[in-house]
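Peer 1: Provided herewith is a single structure, encoded as structure tokens, for subsequent inquiry.
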Amino acid sequence: MERVQIQSILARLEEQEDVRIVYACESGSRAWGFPSADSDYDIRFIYVRPRDWYLSVDLEHRRDVIERPVQGVVDLSGWDFRKALGLFRKSNPPLLEWLNSPIVYLEATGAAARLRALLGEFYSPAACAHHYLHMARGNFREYLSGSEVWVKKYFYVLRPLLAVKWIEAGHGVAPMAFSVLVDRIITDPDLKNAIARLVEAKRRGDELDRGPMIPAITAFIEQEMSRLETSPLSLPGAAPPIDPLNELFRSVLEEAWADSRHGRRVAPAPAVALVAELGIEPD
């Protein structure tokens with residue numbers, strides 16, 4: 001799918017929801033670096049609503065997420081900018097990954113760049129590492145216990161464990177690209193080769209459902225899980241201020257709607273074209 005098609009989908013969503021999207025990126029296997037031929041486009045975005053939407057007595061009860069059912073190969077989900085700022089203050093790993101995605105579809109108002117510039121003040125190694133460890137534990141219990149495992153789910157345990165080791169090593173925010181984690185963290189050639197074969201099978205579109213465990217990868221996972229159980233994480237946290245985020249919110253809100261007097265940034269494609277090209281049903 002061409003970038004312009006995705007931008008057209010986002011423009012149409014802006015019209016439907018009366019929002020301005022300030023940032024959109026890829027967050028799934030395409031961003032991880034090993035999509036198969038039928039992989040979805042996992043499009044994640046941050047948006048702002050008109051000013052008066054926020055000046056509401058019932059603001060805390062208003063929905064601050066936009067989601068669409070998966071249609072064709074497009075999986076759309078986004079957060080209101082106010083919600084995103086609250087999560088940024090907590091060093092929310094999924095949001096930090098979005099901001100560092102290698103595939104960016106749209107970036108407006110400089111909101112994402114300004115958040116990246118604040119990372120040094122707001123990044124909490126402790127919060128991020130505990131998030132990834134919780135993810136690894138849950139996925140390990142659900143998918144990788146027993147002699148037969150869900151082979152595809154190795155990625156959902158490997159990646160968070162490598163992210164924990166990345167953070168422990170002091171490398172900063174864990175990257176979204178899986179190959180960067182593997183190249184920087186894994187030194188055992190047998191393990192690296194086993195992971196490379198698994199990645200190649202995923203790219204080829206092989207069936208990676210239930211099957212025998214992969215010894216080298218399983219041994220690494222069990223070793224790391226045991227280490228992290230017996231040696232609890234001890235990493236610095238963060239106690240960031242709220243004022244810079246309040247200022248950023250007001251600034252982006254103003255800038256996002258300033259172009260409404262001068263026409264749209266990207267014209268949405270006709271609904272018929274979207275149906276034909278992407279399998280998306282018009283409203």
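Peer 1: By how many nm would the segment from Thr218 to Ala201 grow when fully extended, if each residue of separation counts as 0.36 nm and the alpha-carbon distance is taken off?
Peer 2: Working: separation 17, 0.36 × 17 = 6.12 nm, distance 1.71 nm.
Working it through step by step, the gained length comes to 4.4 nm.
Peer 1: Accessible area per residue, 1.4 Å probe, Å², for the chain: what's the number? Don't skip to the end; give the middle numbers.
Peer 2: Values: 13830 Å² over 283 residues.
Dividing the accessible area of the chain by its residue count gives 49 Å².
Peer 1: What lysines could a cross-link reach from Lys202, if we take a straight Cα to Cα line under 22 Å and drop same-chain neighbours fewer than 8 places away?
Peer 2: Of all the lysines, those that pass the test against Lys202 - Cα under 22 Å, at least 8 places apart if same chain - are Lys152, Lys153, Lys192.
Peer 1: Starting from the eigenvalues of the Cα gyration tensor, five times each then square-rooted, give me the equivalent ellipsoid semi-axes of segment 27-96, largest first, whole Å.
Peer 2: Details: eigenvalues 161, 47, 12 Å².
Calculated on Cα positions only, the semi-axes equal 28, 15, 8 Å.
Peer 1: To continue, here is another question. By how many nm would the segment from Leu87 to Arg210 grow when fully extended, if each residue of separation counts as 0.36 nm and the alpha-carbon distance is taken off? Kindly include the intermediate steps, with their values, before the conclusion.
Peer 2: Values: separation 123, 0.36 × 123 = 44.28 nm, distance 3.54 nm.
The Leu87-Arg210 span can extend by a further 40.7 nm.
Peer 1: Here is a follow-up. With the contact rule set at Cα under 8 Å and sequence spacing of 6 or more, what percent relative contact order holds for the chain? Mind showing how you got there, number by number?
Peer 2: Details: 377 pairs, mean separation 72.6, N = 283.
Relative CO of the chain lands at 26 percent.
Peer 1: Out of these labelled values of mean projected area of the Cα convex hull in nm², [x] 18.1; [y] 16.4; [z] 20.5, which was calculated from the coordinates shown here?
Peer 2: [y]
Peer 1: Take the Cα of Tyr54, step 7 Å along the line toward its Cβ, and report every residue of segment 8-43 whose backbone nitrogen sits under 17 Å from that point.
Peer 2: Inside the label zone: 18-23.
Peer 1: Are there any GluC sites (Glu not before Pro) in segment 123-221 that are in a DSSP loop and have at most 14 other Cβ atoms within 10 Å? List them by number.
Peer 2: On the way: sites: Glu142, Glu148, Glu168, Glu200, Glu207; in loops: Glu207.
Passing sites in segment 123-221 are Glu207.
Peer 1: Quick one: work out the % antiparallel among DSSP beta bridges in segment 1-107, nearest 5. Don't skip to the end; give the middle numbers.
Peer 2: Numbers: 13 of 20 bridges.
If we restrict to bridges inside segment 1-107, about 65 percent are antiparallel.
Peer 1: Another one. Counting every Cα pair in segment 180-256, what percent are over 16 Å apart?
Peer 2: The calculated P(r) of segment 180-256 puts 71 percent of pairs beyond 16 Å.
Peer 1: Evaluated at 37 °C with a viscosity of 0.692 mPa s, what Stokes-Einstein diffusion coefficient in µm²/s does segment 108-216 have when Rh comes from the Kirkwood expression over alpha-carbon pairs?
Peer 2: On the way: Rh = 15.5 Å.
Once the numbers are plugged in, D ends up at 212 µm²/s.
Peer 1: Which GluC sites (Glu not before Pro) does segment 217-249 hold that lie in a coil by DSSP with at most 11 other beta carbons within 10 Å?
Peer 2: Values: sites: Glu222, Glu224, Glu229, Glu247; in loops: none.
Within segment 217-249, no GluC sites (Glu not before Pro) qualify (loop, at most 11 other Cβ atoms within 10 Å).
Peer 1: Ok, one more. Extent of segment 133-176 along each principal axis, from alpha carbon coordinates, in Å, largest to smallest?
Peer 2: So the three principal-axis extents are 35, 16, 13 Å.
Peer 1: If you don't mind, there's one more thing I want to ask. Counting pairs of Cα atoms in segment 97-137, how many percent are more than 17 Å apart?
Peer 2: Working: 374 of 820 pairs.
In whole percent, the long-distance tail amounts to 46.
Peer 1: Now a separate question. Mind checking Rg over Rh on segment 1-132, alpha carbons, Kirkwood formula for Rh?
Peer 2: Numbers: Rg = 15.2 Å, Rh = 15.7 Å.
Dividing the radius of gyration by the Kirkwood radius yields 0.97.
Peer 1: With a 1.4 Å probe and every protein chain kept in, tell me what percent of the accessible surface of the chain is carbon plus sulfur.
Peer 2: 51
The values are calculated or read from the model by the stated rules, or taken from the named source; none is laboratory data. As the structure is a prediction and not an experimental result, all values here were calculated from the model. Cβ sites come from the backbone with ideal geometry, for glycine too, and all protein chains shown count toward neighbours. For the accessible areas, the whole protein counts, side chains as well, though only heavy atoms, and no ligand, DNA or RNA atoms are used. Shrake-Rupley method; radii C 1.70, N 1.55, O 1.52, S 1.80 Å.
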